[in-house]
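The values are calculated or read from the model by the stated rules, or taken from the named source; none is laboratory data. Here the structure is a predicted model, which is why all the values come from computation and not from measurement. Please note: Cβ atoms are built from the backbone with ideal geometry, for glycine as well, and neighbour counts cover all protein chains shown.
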Amino acid sequence: MLKENIKQLRKSRGLSQEELAIKLNVVRQTISKWEQGLSVPDSEMLISISEVLETPVSTLLGETISEAKADDLKAISEKLEIINLQLSERRNMKRKIIHWLLISLCAIIVIIFITLVLLNSPYMKWNYNDPENAVLGVAFHSFEWIFIRIAPIILISSIVGIVLTRKKT
């Protein structure tokens, strides 16, 4: 049992005897002797082999290694299909959220722009001798100055984002 299990697990991992020997810090002939049943590894080496081959020691010692059954493969494929559907739904939900956030951002920019146009910079007529009006006027003017320069870039980027995140049919 042990000799067949070591050989089968080594081959299933795509390892040559030499590669397994290097990982276990033994010579290739030692692996060959184990696989021919001429010698057996000690308990510490069994643990090392199980770690390298990523299998429990019990499998190495006696449990036979069988190919995956068709039912197991079918169950795994069904689980993978469910996972793929869930990932697809998450992606679609994120896309919808981003799409509507971009639409909202465009609407907010347009509303602020219309408000600024309708207000026609009322702070220009304020009496700046009053300190409160001076501070408020400078703050309003700064906002307007920054908004007029940055809003078109954000608006164009948002429109491109809306087009890119629309639902493709």
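Some notes on this structure:
- Checked against (1) at pLDDT 80 or above; (2) assigned to a loop (DSSP other than H, G, I, E, B), Gln29 meets all criteria but (2).
- Restricting attention to the range 1-25, the residues that are among the β-branched types (Val, Ile, Thr) and crowded, with 16+ Cβ neighbours inside 10 Å add up to 1.
- When residues in the range 32-44 are screened for being closer than 17 Å to Gly62 by Cβ and assigned to a helix (DSSP H, G or I), 3 of them pass.
- Boolean, Leu61 is among the hydrophobic types (A, V, I, L, M, F, W, C) and at pLDDT below 80: yes
- Enumeration of residues in the range 26-50 that are exposed (fewer than 15 other Cβ atoms within 10 Å of the Cβ), under 15 Å from Asn5 (Cβ atoms) and within 42 Å of the chain's Cα centre (by Cα): Ile47
- All positions within the range 3-26 that are assigned to a helix (DSSP H, G or I), of a type outside the set (S, T, N, Q) and out of contact with any helix residue (DSSP H, G or I) (no Cβ under 6 Å at 6 or more places or on another chain): Glu4, Leu9, Lys11, Glu19, Ile22
- Yes/no for Ile76 being loosely packed, with under 13 Cβ neighbours inside 10 Å, at pLDDT 80 or above and of a type in the set (Val, Ile, Thr): no
- Some residue of the range 104-120 being at pLDDT 90 or above and within 28 Å of the chain's Cα centre (by Cα): yes
- Test: residue in the range 85-100 that is assigned to a loop (DSSP other than H, G, I, E, B) and either touching a helix residue (DSSP H, G or I) at 6+ places or on another chain (Cβ under 7 Å) or of a type in the set (Ser, Thr, Tyr) (or both): no
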